[in-house]
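Notes for the one structure printed next.
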Amino acid sequence: MGSLIEAPQPQNVGEQGFLTTKLQHLVNWGRKNSLWPMPLGLSCCAIEMMAMVGPRYDLARFGAEAMRFTPRQCDLMIVAGTLTWKMARAARTVYDQMPEPKWVIAMGVCSSSGGMYKNYSVVQGIDSILPVDIYVPGCPPRPDAVIDAVMKIQKKIEQDRSLKFGS
Amino acid sequence: MRTSPEDLRAQVASLAETFSDWEGVSLQAGIDMPQLTVAKENLVPVMQALRDGKFRFAHCSMITAVDHMPEEPRFEVVYGLYSPSCNQWLRVKTHCQEFEEEVPSVTGIWSGANWLERECFDMFGIRFQGHPDLRRLLMPEGYEHFPLRKEFPRDGIEPGRLYRQWDEGRRREGAEEESAS
Ligand code: SF4
(Lines give C-alpha, C1' and ligand atoms only; values in the text may rest on other atoms or scores of the structure.)
Protein backbone atom coordinates (compact mmCIF):
# COMPACT_ATOMS: atom_id res chain seq x y z
CA MET A 1 0.00 0.00 0.00
CA GLY A 2 3.09 2.18 0.17
CA SER A 3 2.54 4.08 -3.02
CA LEU A 4 -1.04 5.00 -2.16
CA ILE A 5 0.12 6.73 0.98
CA GLU A 6 2.90 8.50 -0.87
CA ALA A 7 0.34 10.68 -2.69
CA PRO A 8 -0.60 14.00 -1.04
CA GLN A 9 -3.33 13.44 1.52
CA PRO A 10 -6.10 15.99 2.12
CA GLN A 11 -7.71 16.12 5.53
CA ASN A 12 -10.72 14.00 6.54
CA VAL A 13 -10.43 11.70 3.55
CA GLY A 14 -11.83 8.63 5.22
CA GLU A 15 -14.79 10.46 6.68
CA GLN A 16 -15.82 11.81 3.32
CA GLY A 17 -15.60 8.37 1.68
CA PHE A 18 -12.97 9.00 -0.98
CA LEU A 19 -9.24 9.29 -1.32
CA THR A 20 -6.95 11.09 -3.69
CA THR A 21 -3.86 9.69 -5.37
CA LYS A 22 -2.04 9.79 -8.66
CA LEU A 23 -3.25 7.51 -11.41
CA GLN A 24 0.30 6.19 -11.84
CA HIS A 25 0.38 5.17 -8.18
CA LEU A 26 -3.00 3.49 -8.41
CA VAL A 27 -2.01 1.51 -11.52
CA ASN A 28 1.33 0.46 -10.01
CA TRP A 29 -0.41 -0.61 -6.82
CA GLY A 30 -2.82 -2.77 -8.80
CA ARG A 31 -0.12 -4.27 -10.97
CA LYS A 32 2.29 -5.16 -8.24
CA ASN A 33 -0.31 -6.89 -6.10
CA SER A 34 -1.79 -8.99 -8.87
CA LEU A 35 1.19 -10.46 -10.71
CA TRP A 36 0.19 -13.49 -12.76
CA PRO A 37 3.23 -15.69 -13.18
CA MET A 38 3.95 -17.78 -16.25
CA PRO A 39 5.64 -20.89 -14.83
CA LEU A 40 8.26 -21.91 -17.37
CA GLY A 41 9.28 -24.98 -15.37
CA LEU A 42 12.03 -26.59 -17.43
CA SER A 43 13.58 -28.95 -14.90
CA CYS A 44 14.30 -29.51 -11.21
CA CYS A 45 13.84 -25.85 -10.16
CA ALA A 46 10.18 -26.17 -11.12
CA ILE A 47 9.64 -28.36 -8.03
CA GLU A 48 10.78 -25.51 -5.77
CA MET A 49 8.55 -23.14 -7.68
CA MET A 50 5.59 -25.44 -6.96
CA ALA A 51 6.56 -25.48 -3.29
CA MET A 52 6.57 -21.69 -3.38
CA VAL A 53 2.96 -21.58 -4.60
CA GLY A 54 1.81 -24.30 -2.19
CA PRO A 55 0.31 -23.64 1.23
CA ARG A 56 3.56 -23.62 3.25
CA TYR A 57 5.25 -20.72 1.49
CA ASP A 58 2.02 -19.40 0.00
CA LEU A 59 2.78 -16.96 -2.77
CA ALA A 60 -0.86 -15.87 -2.53
CA ARG A 61 0.21 -13.56 0.31
CA PHE A 62 1.85 -11.45 -2.38
CA GLY A 63 -1.04 -11.69 -4.82
CA ALA A 64 0.94 -13.77 -7.31
CA GLU A 65 -0.66 -17.19 -6.90
CA ALA A 66 -2.59 -17.18 -10.18
CA MET A 67 -0.24 -19.26 -12.29
CA ARG A 68 -1.51 -19.34 -15.83
CA PHE A 69 -0.38 -21.83 -18.43
CA THR A 70 -1.11 -19.51 -21.30
CA PRO A 71 1.35 -16.65 -21.73
CA ARG A 72 -1.42 -14.36 -22.97
CA GLN A 73 -2.75 -13.96 -19.44
CA CYS A 74 0.59 -13.53 -17.66
CA ASP A 75 2.91 -10.70 -16.83
CA LEU A 76 5.69 -12.37 -14.82
CA MET A 77 7.73 -15.11 -16.45
CA ILE A 78 9.61 -17.39 -14.03
CA VAL A 79 12.22 -19.36 -15.95
CA ALA A 80 12.75 -22.25 -13.55
CA GLY A 81 15.28 -24.68 -14.93
CA THR A 82 17.82 -25.53 -17.55
CA LEU A 83 17.16 -23.81 -20.85
CA THR A 84 18.57 -25.72 -23.82
CA TRP A 85 19.14 -24.18 -27.21
CA LYS A 86 16.42 -26.40 -28.60
CA MET A 87 13.96 -25.06 -26.03
CA ALA A 88 15.15 -21.46 -26.50
CA ARG A 89 12.77 -20.84 -29.41
CA ALA A 90 9.80 -21.96 -27.32
CA ALA A 91 10.88 -19.77 -24.39
CA ARG A 92 11.29 -16.73 -26.62
CA THR A 93 7.90 -17.38 -28.26
CA VAL A 94 6.25 -17.62 -24.85
CA TYR A 95 7.89 -14.35 -23.82
CA ASP A 96 6.74 -12.61 -26.99
CA GLN A 97 3.18 -13.77 -26.47
CA MET A 98 2.95 -12.22 -23.00
CA PRO A 99 1.24 -8.82 -23.06
CA GLU A 100 3.17 -5.72 -21.93
CA PRO A 101 4.15 -4.79 -19.28
CA LYS A 102 6.06 -7.94 -18.37
CA TRP A 103 8.89 -9.03 -16.10
CA VAL A 104 11.25 -12.00 -16.04
CA ILE A 105 12.81 -13.86 -13.10
CA ALA A 106 15.76 -16.16 -13.87
CA MET A 107 15.38 -18.78 -11.16
CA GLY A 108 18.40 -20.93 -10.33
CA VAL A 109 21.97 -20.92 -11.60
CA CYS A 110 21.00 -22.84 -14.73
CA SER A 111 18.85 -20.10 -16.14
CA SER A 112 21.07 -17.34 -14.70
CA SER A 113 24.35 -18.55 -16.19
CA GLY A 114 24.09 -22.12 -17.47
CA GLY A 115 25.19 -23.28 -14.03
CA MET A 116 27.03 -26.56 -13.95
CA TYR A 117 26.01 -27.32 -17.53
CA LYS A 118 28.84 -25.69 -19.43
CA ASN A 119 28.29 -27.72 -22.56
CA TYR A 120 27.02 -27.72 -26.10
CA SER A 121 23.30 -28.00 -25.47
CA VAL A 122 22.55 -25.49 -22.70
CA VAL A 123 22.04 -21.74 -23.11
CA GLN A 124 24.73 -20.07 -20.98
CA GLY A 125 22.37 -17.68 -19.23
CA ILE A 126 18.88 -16.87 -20.47
CA ASP A 127 19.87 -13.20 -20.68
CA SER A 128 21.35 -14.04 -24.07
CA ILE A 129 17.82 -14.50 -25.40
CA LEU A 130 15.53 -12.62 -22.97
CA PRO A 131 15.67 -9.41 -20.90
CA VAL A 132 15.93 -10.51 -17.25
CA ASP A 133 14.85 -8.38 -14.27
CA ILE A 134 15.96 -10.48 -11.31
CA TYR A 135 18.43 -13.36 -11.02
CA VAL A 136 17.98 -15.81 -8.15
CA PRO A 137 21.11 -17.80 -7.29
CA GLY A 138 20.95 -21.31 -5.86
CA CYS A 139 20.64 -24.83 -7.13
CA PRO A 140 17.76 -24.88 -6.56
CA PRO A 141 17.01 -21.59 -4.76
CA ARG A 142 14.83 -21.96 -1.71
CA PRO A 143 11.22 -20.85 -2.17
CA ASP A 144 11.89 -17.90 0.17
CA ALA A 145 14.60 -16.69 -2.19
CA VAL A 146 12.17 -16.68 -5.07
CA ILE A 147 9.56 -14.94 -2.96
CA ASP A 148 12.22 -12.31 -2.27
CA ALA A 149 12.68 -11.97 -6.03
CA VAL A 150 8.93 -11.48 -6.46
CA MET A 151 9.04 -8.76 -3.78
CA LYS A 152 11.91 -7.06 -5.59
CA ILE A 153 9.84 -7.12 -8.78
CA GLN A 154 7.03 -5.49 -6.79
CA LYS A 155 9.43 -2.73 -5.68
CA LYS A 156 10.47 -2.26 -9.27
CA ILE A 157 6.85 -1.95 -10.40
CA GLU A 158 6.23 0.60 -7.64
CA GLN A 159 8.87 2.86 -9.16
CA ASP A 160 7.41 2.72 -12.63
CA ARG A 161 6.69 6.20 -14.04
CA SER A 162 5.89 5.28 -17.62
CA LEU A 163 2.16 6.15 -17.81
CA LYS A 164 1.52 8.85 -20.42
CA PHE A 165 -1.45 11.20 -20.34
CA GLY A 166 -2.91 13.48 -22.95
CA SER A 167 -1.22 13.74 -26.33
CA MET B 1 22.81 -57.73 -12.09
CA ARG B 2 25.55 -60.02 -10.83
CA THR B 3 26.24 -63.36 -12.54
CA SER B 4 28.61 -65.88 -10.99
CA PRO B 5 31.46 -67.07 -13.25
CA GLU B 6 30.07 -70.63 -13.36
CA ASP B 7 26.67 -69.36 -14.43
CA LEU B 8 28.27 -67.21 -17.05
CA ARG B 9 30.23 -70.13 -18.48
CA ALA B 10 27.10 -72.28 -18.59
CA GLN B 11 25.18 -69.49 -20.34
CA VAL B 12 27.89 -69.03 -22.91
CA ALA B 13 28.05 -72.76 -23.56
CA SER B 14 24.34 -73.02 -24.23
CA LEU B 15 24.40 -69.91 -26.42
CA ALA B 16 27.41 -71.24 -28.31
CA GLU B 17 25.38 -74.27 -29.36
CA THR B 18 22.97 -71.97 -31.13
CA PHE B 19 25.74 -70.24 -33.03
CA SER B 20 28.07 -73.14 -33.72
CA ASP B 21 27.15 -73.17 -37.41
CA TRP B 22 27.21 -69.37 -37.96
CA GLU B 23 30.17 -67.77 -39.71
CA GLY B 24 31.71 -64.49 -38.60
CA VAL B 25 30.02 -64.66 -35.22
CA SER B 26 32.17 -64.93 -32.12
CA LEU B 27 31.06 -65.34 -28.56
CA GLN B 28 32.95 -64.17 -25.49
CA ALA B 29 32.16 -64.52 -21.81
CA GLY B 30 32.32 -60.76 -21.15
CA ILE B 31 32.59 -59.33 -17.64
CA ASP B 32 28.96 -59.39 -16.62
CA MET B 33 27.08 -61.05 -19.45
CA PRO B 34 27.80 -63.08 -22.59
CA GLN B 35 28.91 -60.97 -25.47
CA LEU B 36 28.44 -61.64 -29.16
CA THR B 37 30.48 -59.94 -31.90
CA VAL B 38 28.87 -59.96 -35.31
CA ALA B 39 29.92 -58.59 -38.71
CA LYS B 40 27.37 -56.00 -39.70
CA GLU B 41 26.35 -57.96 -42.82
CA ASN B 42 25.14 -60.76 -40.54
CA LEU B 43 23.51 -58.51 -37.97
CA VAL B 44 19.88 -58.83 -39.05
CA PRO B 45 19.77 -62.65 -39.44
CA VAL B 46 21.64 -63.11 -36.16
CA MET B 47 19.29 -60.77 -34.31
CA GLN B 48 16.30 -62.49 -35.86
CA ALA B 49 17.65 -65.85 -34.68
CA LEU B 50 18.26 -64.45 -31.20
CA ARG B 51 14.70 -63.22 -30.92
CA ASP B 52 13.01 -66.32 -32.33
CA GLY B 53 15.48 -69.00 -31.23
CA LYS B 54 15.80 -70.96 -28.03
CA PHE B 55 16.51 -67.99 -25.77
CA ARG B 56 13.78 -65.63 -27.04
CA PHE B 57 15.51 -62.27 -26.62
CA ALA B 58 12.21 -60.42 -26.87
CA HIS B 59 13.43 -57.10 -25.46
CA CYS B 60 15.98 -54.79 -27.06
CA SER B 61 16.85 -52.77 -24.02
CA MET B 62 19.44 -50.33 -25.35
CA ILE B 63 21.43 -49.34 -28.40
CA THR B 64 24.50 -47.17 -28.18
CA ALA B 65 27.89 -46.79 -29.80
CA VAL B 66 31.52 -46.40 -28.80
CA ASP B 67 33.91 -44.13 -30.67
CA HIS B 68 37.34 -45.78 -30.83
CA MET B 69 39.10 -42.98 -32.72
CA PRO B 70 41.84 -43.26 -34.01
CA GLU B 71 41.53 -47.04 -34.24
CA GLU B 72 39.93 -48.72 -37.20
CA PRO B 73 37.14 -49.69 -37.45
CA ARG B 74 36.23 -46.56 -35.60
CA PHE B 75 32.71 -47.18 -34.32
CA GLU B 76 31.35 -50.06 -32.32
CA VAL B 77 27.58 -50.30 -32.10
CA VAL B 78 26.40 -52.05 -28.96
CA TYR B 79 22.99 -53.66 -28.40
CA GLY B 80 21.70 -54.80 -25.02
CA LEU B 81 19.24 -57.65 -25.31
CA TYR B 82 17.16 -59.26 -22.59
CA SER B 83 15.16 -62.43 -22.57
CA PRO B 84 12.36 -62.24 -19.99
CA SER B 85 11.51 -65.94 -20.32
CA CYS B 86 15.08 -67.11 -19.53
CA ASN B 87 16.11 -64.10 -17.39
CA GLN B 88 19.16 -63.81 -19.61
CA TRP B 89 21.09 -60.75 -20.77
CA LEU B 90 23.23 -60.60 -23.89
CA ARG B 91 25.41 -57.90 -25.37
CA VAL B 92 25.78 -57.81 -29.16
CA LYS B 93 28.48 -55.75 -30.84
CA THR B 94 29.10 -54.83 -34.42
CA HIS B 95 31.59 -52.47 -36.06
CA CYS B 96 31.55 -49.84 -38.76
CA GLN B 97 34.18 -47.66 -40.42
CA GLU B 98 34.48 -43.93 -40.41
CA PHE B 99 32.85 -42.19 -43.44
CA GLU B 100 30.62 -45.21 -44.06
CA GLU B 101 28.85 -45.30 -40.73
CA GLU B 102 26.05 -47.55 -41.87
CA VAL B 103 24.58 -50.42 -39.93
CA PRO B 104 21.42 -52.33 -40.84
CA SER B 105 18.44 -51.31 -38.76
CA VAL B 106 16.84 -53.77 -36.36
CA THR B 107 13.51 -51.93 -36.24
CA GLY B 108 11.99 -54.77 -38.28
CA ILE B 109 12.79 -57.14 -35.42
CA TRP B 110 12.10 -54.95 -32.37
CA SER B 111 9.94 -51.95 -33.21
CA GLY B 112 11.10 -50.45 -29.90
CA ALA B 113 14.53 -50.02 -31.47
CA ASN B 114 13.17 -47.08 -33.46
CA TRP B 115 13.99 -44.28 -31.01
CA LEU B 116 17.10 -46.03 -29.71
CA GLU B 117 18.53 -45.98 -33.21
CA ARG B 118 17.45 -42.38 -33.69
CA GLU B 119 19.30 -41.42 -30.52
CA CYS B 120 22.40 -43.29 -31.64
CA PHE B 121 22.24 -41.53 -35.01
CA ASP B 122 21.78 -38.19 -33.25
CA MET B 123 24.79 -38.62 -30.99
CA PHE B 124 27.24 -40.52 -33.24
CA GLY B 125 25.98 -40.01 -36.79
CA ILE B 126 25.63 -43.71 -37.44
CA ARG B 127 23.04 -44.22 -40.16
CA PHE B 128 20.77 -47.23 -39.72
CA GLN B 129 19.83 -48.55 -43.14
CA GLY B 130 16.17 -49.39 -43.44
CA HIS B 131 15.12 -47.24 -40.48
CA PRO B 132 11.62 -45.86 -41.18
CA ASP B 133 12.24 -42.35 -39.82
CA LEU B 134 15.89 -41.57 -39.12
CA ARG B 135 15.64 -38.02 -37.76
CA ARG B 136 17.48 -36.40 -34.88
CA LEU B 137 15.95 -37.15 -31.52
CA LEU B 138 17.55 -34.79 -28.98
CA MET B 139 19.50 -32.15 -30.88
CA PRO B 140 17.57 -29.59 -32.95
CA GLU B 141 16.67 -30.38 -36.55
CA GLY B 142 19.24 -28.91 -38.89
CA TYR B 143 22.22 -29.30 -36.55
CA GLU B 144 25.14 -30.79 -38.50
CA HIS B 145 27.41 -32.19 -35.78
CA PHE B 146 27.35 -35.29 -33.62
CA PRO B 147 28.02 -34.49 -29.96
CA LEU B 148 29.32 -37.81 -28.66
CA ARG B 149 32.06 -38.18 -31.27
CA LYS B 150 35.54 -37.80 -29.91
CA GLU B 151 36.42 -34.76 -32.04
CA PHE B 152 33.40 -32.80 -30.79
CA PRO B 153 34.43 -30.06 -28.31
CA ARG B 154 32.65 -29.93 -24.95
CA ASP B 155 31.35 -26.40 -25.52
CA GLY B 156 29.92 -27.39 -28.89
CA ILE B 157 30.27 -25.94 -32.32
CA GLU B 158 28.24 -22.71 -32.67
CA PRO B 159 25.59 -23.94 -30.23
CA GLY B 160 23.31 -20.91 -30.63
CA ARG B 161 23.51 -20.59 -34.40
CA LEU B 162 20.17 -22.27 -35.21
CA TYR B 163 18.40 -20.18 -32.58
CA ARG B 164 19.88 -16.95 -33.89
CA GLN B 165 18.94 -17.82 -37.46
CA TRP B 166 15.38 -18.42 -36.35
CA ASP B 167 15.39 -15.21 -34.32
CA GLU B 168 16.67 -13.09 -37.21
CA GLY B 169 14.12 -14.59 -39.59
CA ARG B 170 11.34 -13.88 -37.12
CA ARG B 171 12.44 -10.27 -36.60
CA ARG B 172 12.74 -9.70 -40.35
CA GLU B 173 9.22 -11.03 -40.88
CA GLY B 174 7.91 -8.81 -38.09
CA ALA B 175 9.55 -5.74 -39.59
CA GLU B 176 8.18 -6.55 -43.06
CA GLU B 177 4.66 -6.98 -41.68
CA GLU B 178 4.93 -3.66 -39.89
CA SER B 179 6.12 -1.78 -42.95
CA ALA B 180 3.37 -3.42 -45.09
CA SER B 181 0.57 -2.32 -42.76
S1 SF4 C 1 19.69 -24.59 -10.89
FE2 SF4 C 1 19.92 -26.67 -10.04
S3 SF4 C 1 17.86 -27.20 -9.34
FE4 SF4 C 1 17.66 -25.48 -10.77
S5 SF4 C 1 17.31 -26.39 -12.79
FE6 SF4 C 1 19.51 -26.07 -12.57
S7 SF4 C 1 20.28 -28.01 -11.80
FE8 SF4 C 1 18.09 -28.00 -11.43
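The values are calculated or read from the model by the stated rules, or taken from the named source; none is laboratory data. None of the values given here were measured: they were computed from a predicted structure. Neighbour counts run over all protein chains shown; Cβ positions are idealised from the backbone, glycine included. To get the accessible areas, we keep the full protein, side chains included, count just its heavy atoms, and leave off ligands, DNA and RNA. Shrake-Rupley method; radii C 1.70, N 1.55, O 1.52, S 1.80 Å.
Some observations on this one:
- Residue match in the range B:20-38 (condition: outside any loop (DSSP other than H, G, I, E, B), open to solvent by less than 10 Å² (accessible area, probe 1.4 Å), touching a Lys or Arg at 6+ places or on another chain (Cβ under 7 Å) and not hydrophobic (A, V, I, L, M, F, W, C)): no
- Of all residues in the range A:123-143 being surrounded by fewer than 14 Cβ atoms within 10 Å (Cβ to Cβ) and within 16 Å of the ligand (Cβ to nearest atom), the one that is farthest from the other protein chains (Cβ to nearest Cβ): A:Pro137
- The residue pairs whose first member lies in the range A:103-118 and is within 14 Å of another protein chain (Cβ to nearest Cβ), whose second member is of a type outside the set (A, V, I, L, M, F, W, C) and assigned to a helix (DSSP H, G or I), and whose beta carbons are closer than 6 Å, counting only pairs six or more residues apart or on different chains, do not exist in this structure.
- Boolean, A:Ser43 is among the polar types (S, T, N, Q), within 23 Å of A:Met116 (Cβ to Cβ) and modelled with pLDDT of 90 or more: yes
- Boolean, A:Ala64 is within 13 Å of chain B (Cβ to nearest Cβ) and touching a helix residue (DSSP H, G or I) at 6+ places or on another chain (Cβ under 9 Å): no
- Exactly one residue out of A:Leu23, A:Leu42, A:Leu59 is touching a strand residue (DSSP E or B) at 6+ places or on another chain (Cβ under 7 Å) and touching a residue at least 24 places away in the same chain (Cβ under 8 Å): that is A:Leu42.
- If you go through the range B:125-166 and keep only what is in contact (Cβ under 8 Å) with a residue 60 or more places away in the chain and either open to solvent by less than 20 Å² (accessible area, probe 1.4 Å) or closer than 16 Å to A:Val123 by Cβ (or both), you end up with just B:Ile126.
Results for (1) away from the ligand (no atom under 16 Å from the Cβ); (2) among the charged types (D, E, K, R), shown as yes or no for each residue.
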{"residue": "A:Ser121", "(1), (2)": "no, no"}
{"residue": "A:Ala145", "(1), (2)": "no, no"}
{"residue": "A:Met151", "(1), (2)": "yes, no"}
{"residue": "A:Gln154", "(1), (2)": "yes, no"}
{"residue": "A:Glu158", "(1), (2)": "yes, yes"}
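- Wholly within the range A:21-114, strands (runs of 3 or more DSSP E) carrying at least 1 residues that are within 16 Å of the ligand (Cβ to nearest atom) and over 13 Å from the mean Cα position of the chain (by Cα): A:37-41
- Residue within the range B:83-96 that is free of Cβ contacts under 8 Å to residues at least 60 places away in the same chain, in contact with an Asp or Glu (Cβ under 7 Å, 6 or more places away or on another chain) and open to solvent by 20 Å² or more (accessible area, probe 1.4 Å) present: yes
- Checking each residue in the range B:91-114 for being under 14 Å from B:Leu50 (Cα atoms), of a type in the set (A, V, I, L, M, F, W, C) and under 12 Å from the mean Cα position of the chain (by Cα) picks out B:Val92, B:Val106.
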